[in-house]
1. Net charge near G14, counting Lys/Arg +1 and Asp/Glu -1 over other residues with Cβ under 13 Å of its Cβ?
2. First measure r as the distance between the Cβ atoms of Q205 and T78, then evaluate 1/(1 + (r/R0)^6) with R0 = 45 Å and state the FRET efficiency to the nearest 0.05.
3. Order by neighbour count: V129, V2, fewest other Cβ atoms within 10 Å first, most last.
4. Hey, rough spin-label estimate for W198 and T38, points 7 angstrom out along Cα→Cβ, what's it come to in nanometres?
5. Quick one: what Rg and Dmax do you get for segment 50-149 from the alpha carbons, in Å?
6. Quick one: compute the contact order of segment 22-86, relative version, from alpha carbon pairs under 8 angstrom and 6+ residues apart, as a percent.
7. In nm, give the distance between the simple-model label positions of S21 and N88, each being 7 Å from the Cα along the Cα-to-Cβ direction.
8. Rounding to the nearest 10 and keeping the result within 0 to 90°, find how far the Cα-based axis of helix 69-86 lies from the longest principal axis of the chain.
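Computed from the coordinates by the stated procedures, all read-outs in this text should not be read as laboratory data. From a predicted model like this one, the values you see are computed outputs, not experimental measurements. Because the Cβ atoms are built from the backbone with ideal geometry, glycine has one as well, and the counts that use them run over all protein chains shown.
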Amino acid sequence: MVKKDRLIFWDIDGTLLHCGSNGRKALNRTFLELYGITDALGKSPVGASMDSMLLGGIMKNFGIDPKDFPKITQHYKTVLKEILEQDNNKRILPGVIPILEAIDKHPQAINALLTSNLRVGAEAKLSSVGLNKYFQIGGFGDDIGEKWDAAVKCIEMAEKQYNTLFPKDQIYLIGDSCYDITSSKKIGIKSIAVATGWTDISTLQACEPDYFFPDLSDTEKILEIIKV
Ligand SMILES: [Mg+2]
């Protein structure tokens, strides 16, 4: 049997899909419904750090017992699902499905998630547009640490699961933010930046990704880079 030897990490928001500011809306509604707090997130940027850090910061600010974390994430899951169901503007971004399909069918390649979303948030977002079937493995924003820590943990998990070793230059992270590029550099994997999110082209390019695309519609070129 051919061993798996390339791992392709995908960021979610602004890379696989767009669902506006639904994550932010759902978090704010969660704190409002559970604790009567209005605009709990304030100006905190969503996606610039892991959701666990973001939530931890809010909980600390408002003096919420850390033991409430599971209750908050459960409520968030319900609210986010409801908001996503009602949103007719959510969409999968160009080129995403053919690339996911090609990786999925390739005997040596694996699709994986790498997101600052909590696992429940990631699952709700992916299933709202039918992309959950492509992912069996991933790094999520539940754990304490940064995005690159979640990547390292996921690589270890994947190596165990598939009984293989992934050479660093055959692990890629496709993402729309400088946080994705920085995370790739931290652990020596390849970054593929795409400008379909909230970061403009010049800012993304200034972060010096290994590869850059305005969007993922040039699927042939991308599959060539990841050797699929
Ligand atoms: Mg993103």
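1. Details: positive: K90, R91, K125; negative: D11, D13, D176, D180, D200, D215.
Taking every other residue near G14 into account, the sum is -3.
2. Working: r = 40 Å, r/R0 = 0.88.
Once rounded, the FRET efficiency stands at 0.70.
3. Values: V129 18, V2 7.
Least to most surrounded, the residues fall as V2, V129.
4. The answer from the label model is 2.3 nm.
5. Computed over the Cα atoms of segment 50-149, radius of gyration and Dmax are 15.6, 50 Å.
6. Values: 37 pairs, mean separation 28.2, N = 65.
Relative contact order here is 43 percent.
7. 2.2 nm
8. The answer is roughly 70 degrees.
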